[in-house]
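Q: Take a look at this one; I'll ask things after.
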Amino acid sequence: MLVLIMYLVAKMNNNPETTQENKVYFRRKFPILRRMVNEGLLDPEKVRNDEFINSTSDFTQVLKYLIENNIISEEKVRDFFVNSLGSEPFNKMTETVHVEKTISEIISKSFMENKMFFPLSYKNGILEIVALNPYDKDIVQQLKFLGIENIKIKVGLYSEIKEILHTEAETVSEFESLLEDVDESQIEEEQISLDEEINIHSALIEAEEAPIVKASRIIILNGVRKGASDIHIEPFEKEVRIRYRIDGILRTYQKLPASTKDAIVARFKIMSNLDIAEKRLPQDGRIRVKIDGKPIDLRISTLPTVHGEKVVMRIQNSENYLNLKLEDLGFEKENLEKVRKAIYSPWGMILVTGPTGSGKTTTLYTVLMERNEDDVNIATAEDPVEVAINGINQVQVRENIGFTFAEALRSFLRQDPDIILVGEIRDTETAEIAVKAALTGHLVFSTLHTNDAPSSITRLHNMGVEKFLIGTAVNLIIAQRLIRKLCPKCKKPSTFPEEFWLKLGLTEEQIEKGQFYMHNPLGCEHCNHTGYKGRVAVHEILEVNEDIRKALLKNASEDELREIFLKNGGKTLFEDALVKISKGITDYAEVERALKQD
């Protein structure tokens, strides 16, 4: 095709009837449009001065514009491609349209409407399509990206293709194609099989091709706009699966041909400055982009699997952290008072516990934002630094060079800190130094991976910290989980009787004043047909008071500590979730899903 266009350009340049002015203008625009002008199909003055033609770089859009505005007839456009460029015409009367499911599932309706084409048949590995512009390279590139190598293009009338799209497109899946017509220019890059032998040079070339670049951008763009926390790109034998974790639930949103896996992974490695050639070992990196003018950080991790490298990206939107207040995190009034009292203590330790993805980082960053003032020196040791906060001294731990949490803590103690945040207490050394810092006049925040608040004390003791030191150093333990909130647009009144809620632990007064709802299994557009929209945290707050300290001095067991916690009015995660149910924030089905093991 490129050779043909170059030939046409050269031939037209030698045409004595073409003025020098027209040559200069059309050389900058579309060679085929120039040929149409030279053959008398279009007025050169009208074309040269047309605002739309001068503003677009897509020749298919130019053809649509010319036909829709009666500047040229659709018959003349088709006949030009047939008679002057040798294209094969589509005959509506003699040809049938037969779209196979394998094709209809991967080509989006909006892409076909934008590019004015439609698949006619797929036989013996050859896809036959009818198109308004049979020389549209974008159509060929996108179809090849989707794994279709052999393509035969016939030229059709604009009205015929439009009619086919209207009548036949109902058979085409509304599946959101990865290469749908999305304005990926709104995302701006700021940083650019196990035993299988990979052609690195080939992968690099493919990774820089337009469809791959566009696909990588749209994968990120869709994830951010859908509110996903993680993007999973998973290679399998016959496909590459794109999944987004939204409100804590993983869902499949796209499937691509297996032939695209190496180029997609290579592209993300280029963006995150990872080693393209290393396919055998896991790698970690970071991508920074701007979407709709807002900075977005993505923490990227690659993992070798049987069918190729899997890529997972954690989306970190700084605005999600920096604009929150403690009141936004779901703390009940009594718990909020306990937390505020603890974070304004002059010294001591506050632990936030829970599994991965339970919102610990959000809680800690929100606390730091509240204490971030000119007269407070705050230092953090993180792995990695999730979000940069102005006014706080944040340090990236690098264990591969010996700069561990423990080393960072030692350095902090010589930096005159008021508040220290340790990303995670992972070992005995870090635990001992953190406790020491809390006992010597510093306020220490950190996280643990434990199921509930009382078990955090046991975990610290198992790391080698004496119980009497735990009782002296630790002020507060926050255990938390994230549960989905009901969609406000489609939630329904609950059908559970009063006896059901009484058995679960709610009081008659709570039931009488409560507003009980349940999710709509069919959902709506607002919640992507899930019945839930957004998440809220449920908490278990353990204050280390005199009763707990005395019990620790007597070497009390975890069960004994839990009994004291409940006796002093502490509420478990499940009890806090019941309060959220009574307020109409969530429903029992979601609480049972999220806390069934607690």
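The values are calculated or read from the model by the stated rules, or taken from the named source; none is laboratory data. What you see is a predicted model, and the numbers here were worked out from it, not measured in a lab. With ideal geometry, Cβ positions are generated from the backbone for all residues, glycine too; neighbour counts draw on all protein chains shown. Areas reflect the complete protein model, heavy atoms only, side chains present, ligands, DNA and RNA absent. Shrake-Rupley method; radii C 1.70, N 1.55, O 1.52, S 1.80 Å.
Q: Given the structure, is Lys269 crowded, with 20+ Cβ neighbours inside 10 Å, out of contact with any Ser or Thr (no Cβ under 6 Å at 6 or more places or on another chain), part of a loop (DSSP other than H, G, I, E, B) and modelled with pLDDT of 85 or more?
A: No, not satisfied.
Q: A further question follows. Which of the helices (runs of 4 or more DSSP H) found entirely inside the stretch 305-375 contain at least 2 residues meeting this: over 22 Å from Ile392 (Cβ atoms) and either touching a helix residue (DSSP H, G or I) at 6+ places or on another chain (Cβ under 6 Å) or open to solvent by less than 60 Å² (accessible area, probe 1.4 Å) (or both)?
A: Qualifying helices (runs of 4 or more DSSP H): 333-343.
Q: Could I ask something else about it? Working carefully through the options Ile477, Ile511, Ile470, find the one that is crowded, with 21+ Cβ neighbours inside 10 Å and either modelled with pLDDT under 95 or among the hydroxyl-bearing types (Ser, Thr, Tyr) (or both).
A: Of Ile477, Ile511, Ile470, the one residue that is crowded, with 21+ Cβ neighbours inside 10 Å and either modelled with pLDDT under 95 or among the hydroxyl-bearing types (Ser, Thr, Tyr) (or both) is Ile470.
Q: In the stretch 426-446, what residues are open to solvent by 10 Å² or more (accessible area, probe 1.4 Å) and not in a helix (DSSP H, G or I)?
A: So in the stretch 426-446, the residues open to solvent by 10 Å² or more (accessible area, probe 1.4 Å) come out as 426-429, 432-433, 436, 439-442.
Once the filter is applied, which keeps residues that are open to solvent by 10 Å² or more (accessible area, probe 1.4 Å) and not in a helix (DSSP H, G or I), the stretch 426-446 yields Arg426, Asp427, Thr440, Gly441, His442.
Q: When you scan the stretch 149-178, how many residues do you find that are modelled with pLDDT under 50, in contact with a strand residue (DSSP E or B) (Cβ under 7 Å, 6 or more places away or on another chain) and either open to solvent by less than 20 Å² (accessible area, probe 1.4 Å) or of a type in the set (Phe, Trp, Tyr) (or both)?
A: Result for the stretch 149-178: 1.
Q: For the stretch 16-46, which positions are assigned to a helix (DSSP H, G or I), open to solvent by less than 40 Å² (accessible area, probe 1.4 Å) and at pLDDT below 85?
A: Asn22, Lys23, Tyr25, Phe26, listed by residue number.
Q: In the stretch 480-497, how many are buried (at least 19 other Cβ atoms within 10 Å of the Cβ) and among the charged types (D, E, K, R)?
A: Counting residues in the stretch 480-497 that are buried (at least 19 other Cβ atoms within 10 Å of the Cβ) and among the charged types (D, E, K, R) gives 4.
Q: Next question. In the stretch 400-417, how many are open to solvent by 70 Å² or more (accessible area, probe 1.4 Å) and either at pLDDT 90 or above or over 34 Å from the mean Cα position of the chain (by Cα) (or both)?
A: Looking only at that region, the number is 5.
Q: What are the residues in the stretch 206-248 that are surrounded by fewer than 19 Cβ atoms within 10 Å (Cβ to Cβ), outside any helix (DSSP H, G or I), under 16 Å from the mean Cα position of the chain (by Cα) and modelled with pLDDT under 90, if any?
A: Correct list: Lys226, Gly227.
Q: For the stretch 376-399, which residues satisfy the criterion of being in a strand (DSSP E or B), open to solvent by 20 Å² or more (accessible area, probe 1.4 Å) and among the aliphatic types (A, V, I, L, M)? It would help to see each step written out before you state the result.
A: From the stretch 376-399, those in a strand (DSSP E or B) are 378-382, 393-396, 398; that's our starting set.
Add one more test, that the residue is open to solvent by 20 Å² or more (accessible area, probe 1.4 Å), and what stays is 393-396, 398.
The one that is in a strand (DSSP E or B), open to solvent by 20 Å² or more (accessible area, probe 1.4 Å) and among the aliphatic types (A, V, I, L, M): Val395.
Q: Same structure, new question: Can you find even one residue in the stretch 463-472 that is on the phi < 0 side of the Ramachandran plot and in contact with a Cys (Cβ under 6 Å, 6 or more places away or on another chain)?
A: The answer is no; no qualifying residue exists.
Q: Right, next: Restricting to the stretch 138-169, name every residue that is in contact with a helix residue (DSSP H, G or I) (Cβ under 9 Å, 6 or more places away or on another chain), assigned to a helix (DSSP H, G or I) and over 15 Å from Glu95 (Cβ atoms).
A: Listed by number, the residues that qualify are Asp138, Ile139, Gln141, Gln142, Lys144, Phe145, Tyr158, Ser159, Lys162, Leu165, Ala169.
Q: All but one of (1) modelled with pLDDT of 85 or more; (2) within 20 Å of Asp138 (Cβ to Cβ) hold for Ser57; state the number of the condition that does not hold.
A: Evaluating Ser57 over (1) modelled with pLDDT of 85 or more; (2) within 20 Å of Asp138 (Cβ to Cβ) leaves (1) as the failure.
Q: Determine the pairs where a residue that is open to solvent by less than 20 Å² (accessible area, probe 1.4 Å) and at pLDDT 90 or above, located within the stretch 451-466, has a partner that is of a type outside the set (Gly, Ala, Ser) and outside any helix (DSSP H, G or I) with Cβ atoms under 6 Å apart, the partner being 6 or more residues away or on another chain.
A: These pairs meet every condition: Ala453/Ile477; Ala453/Glu540; Ala453/Leu542; Ser456/Leu351; Ser456/Thr353; Ser456/Leu448; Ser456/Thr450; Ser456/Ile477.
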